[in-house]
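Report on the structure given below.
Each value in this text was obtained by applying a stated rule to the coordinates, not by laboratory testing. This one's a predicted model, so the numbers in the text were calculated from it and none came from an experiment. Here the Cβ is made from the backbone with ideal geometry for all residues, glycine too, and neighbour counts use every protein chain on show.
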């Protein structure tokens, strides 16, 4: 670990989780947001998540405070100059990411490792905006980052072997498990997962089985922790639709095409658990 | 609904042996039938291995194992199944073979005997059509491994009577299983989703999206599945997977159901999985530990 300082761009739902992971692993973390309000929101998000962890007995109050002491929020790009690794987790839009990456180009030392947490954009395209594209990798965390052990380490066209190896080692130092994949649509997990969920939504629409029977059959027959309809409710039907549509646009493959029922449910505002209504209905607190 | 007391299980391979364990553990008299004494002995070995594993894990005593084995009768003739109230067929996945078997059983078994097919992808309706008692034929698809997986998919053929459906549902509950009713459509529910997902994982491997180990890790840690896809395929057997996959592809003509080219190559090389010591992983034959 030594004296590596880690930067994180963006403290939204994924960024805050990543900041927590890095700080819990013992690294000093500098998280950059667009405004001090956004910084405060982000730090509050981390505080809430960790407080829940204390309540559940996963961490002590002391550990929480020690972790939070390692985190510094800022709006200044210059504060990232000492970072040896920067993880970009800003809004999932190529223009926004390009702007962020370009800002890093004028701030970071040449040897710094830049990792993008993008889930559906091309790492190669993001890397092209950086001064040293061979130092850019994808580092795709899963939601919620503090709880999900897997990280996809993505090799862009430009990424060199050294950057890849450093990225894998860094991921392990966070207590996570890296899997290495190519910069192709959906990387590995979404590439496998999205067609399966789309199939479930279509099968339900076609009346293959009732919603509960479909979920039950896969939970009990295959040992999946959650059936597909229950799971996509939790992920958010709008989130799934966005990811599926992006993959379909890029590949033209039928299995990535969002099923009609999915679009209709999202149009109806039934985007899942967070909207209290998706394939299932949710009452009270989520 | 009167309880079932005597059940025949035809075929003691991977699924048949598991089903026999389920039946005798539920306290029912079980008649296991294989085509030859050699196959019967292999089937018995599978069942004993399962119980031995349970004993090792402290879930079963030796006395209990002996008790279960005493409930099992081992036969090679079909006539010994004559007084079974239910006969479950778990033989090679082929329509003609299953239909012929039911046809033979039809002449020997009492008219009330229910014929159950454990088929995962074939038409229960087609199997029923040649059985001589189509109204008493029903699909009950157990999941692998049958003693551990609670689900049974019950699928009625077009010809199956309501009485048979009720009896099958009650029988499933008597075995301690959870029943999901499905229509007689290829793959029912479980295989309809599992098979194309497995094919997608194989395609990901072919396309260099990840190594065998990384894809399995992604599936277990990213999706929370109990087993990696390639671990599972090695257990099922690449040859069985190809047959199941081809059946589904023939039915739907959907490319996701087509077995990718790598499957054929591995079968040609004899890398069928655990049963040949090598599949996607290598296995130490002595200990059966995955590499």
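Counting only other chains, what is the mean number of Cβ atoms within 10 angstrom of the Cβ of each residue in peptide B:247-258? Spell out each step's value before the answer.
Numbers: counts 0, 0, 0, 0, 0, 0, 0, 3, 3, 6, 0, 0.
Rounded to a whole number, the mean comes out at 1.
Quick one, what does Rg over Rh come out to for region A:138-286 if you take C-alpha atoms and the Kirkwood Rh?
My calculation puts Rg/Rh at 1.02.
Hey, could you pull the Cα Rg and Dmax for chain A, both in Å?
Cα-based Rg and Dmax for chain A come out at 19.7, 58 Å.
Okay, helix-only estimate at 222 nm for chain B: each DSSP H run of n ≥ 4 adds -39500 (n - 2.57), divide by all residues, round to 500 deg cm²/dmol; what do you get?
Taking each H run of at least 4 residues, the total per residue is -13500 deg cm²/dmol.
Jot down the radius of gyration and Dmax of the protein assembly as shown, Cα atoms only, both in angstrom.
27.3, 87
Percent of Cα-Cα pairs more than 19 Å apart in region A:190-275, please.
I get 35 percent for the Cα pairs in region A:190-275 exceeding 19 Å.
Hey, any idea what the orientation-averaged projected area of the convex hull of region B:164-291's Cα atoms comes to, in nm²?
Working: hull surface 39.0 nm².
Projected area, direction-averaged: 9.8 nm².
Can you say what percent of the DSSP beta bridges in chain A, counting only those with both residues inside, are antiparallel? Round to 5.
20
Say each of residue A:276 and residue B:275 gets a label point 7 Å from the Cα, pointing the same way as Cα to Cβ; how far apart are those two points in nm?
Here the answer is 5.4 nm between the modelled labels.
With angles folded into 0 to 90 degrees, how steeply does helix B:37-56 sit against the dominant principal axis of chain B? Use alpha carbons for both and round to 10.
With both axes taken from Cα atoms, the answer is about 70 degrees.
Between region A:235-269 and region A:36-80, what's the alpha-carbon centroid distance in Å?
Cα centroid of region A:235-269 versus Cα centroid of region A:36-80: 33 Å apart.
What is the mean number of Cβ atoms from other protein chains located within 10 Å of the Cβ atom of each residue in peptide A:173-179, rounded to a whole number?
3
For the Cα atoms of chain B, what angle does the longest principal axis make with the long axis of helix B:95-108, in degrees from 0 to 90, nearest 10?
It is inclined by approximately 20 degrees.
Ranking request for peptides A:183-191, A:56-64, A:134-142: highest mean number of other beta-carbon atoms within 10 Å first, then the rest in descending order.
Values: A:183-191: 22.8, A:56-64: 12.3, A:134-142: 24.8.
Highest mean packing first, the order is A:134-142, A:183-191, A:56-64.
Working from the pairwise distances between different alpha carbons, so that the mean of 1/r is found and then inverted, what is chain B's Kirkwood radius in Å? Provide the component values of the computation, followed by the final result.
On the way: mean 1/r = 0.0505 Å⁻¹.
So the Kirkwood estimate lands at 19.8 Å.
If you take the beta carbon distance between residue B:92 and residue A:245 as r and set R0 to 51 Å, what does 1/(1 + (r/R0)^6) give as a FRET efficiency, to the nearest 0.05?
Values: r = 43 Å, r/R0 = 0.85.
Taking R0 as 51 Å, the efficiency between residue B:92 and residue A:245 is 0.75.
Subtract the Cα-Cα distance of residue B:36 and residue B:162 from 0.36 nm times their separation in residues, and report this length gain in nm to one decimal.
Full-extension gain reported as 41.8 nm.
Can you give the FRET efficiency for residue A:261 and residue A:77, using 1/(1 + (r/R0)^6), R0 = 56 Å, r = Cβ-Cβ distance, to the nearest 0.05?
For residue A:261 and residue A:77, the calculated efficiency is 0.80.
For chain B, give me the percentage of DSSP beta bridges that are antiparallel, rounded to the nearest 5 percent.
25
Based on the mean of other beta carbon atoms within 10 Å per residue, what is the order of B:34-44, B:200-210, B:116-126, most packed first?
Highest to lowest by the protection proxy: B:116-126, B:200-210, B:34-44.
How would you rank A:219-232, B:9-22, highest first, on the average number of other Cβ atoms within 10 Å across their residues?
On the way: A:219-232: 20.5, B:9-22: 25.1.
Answer by packing, highest mean first, reads B:9-22, A:219-232.
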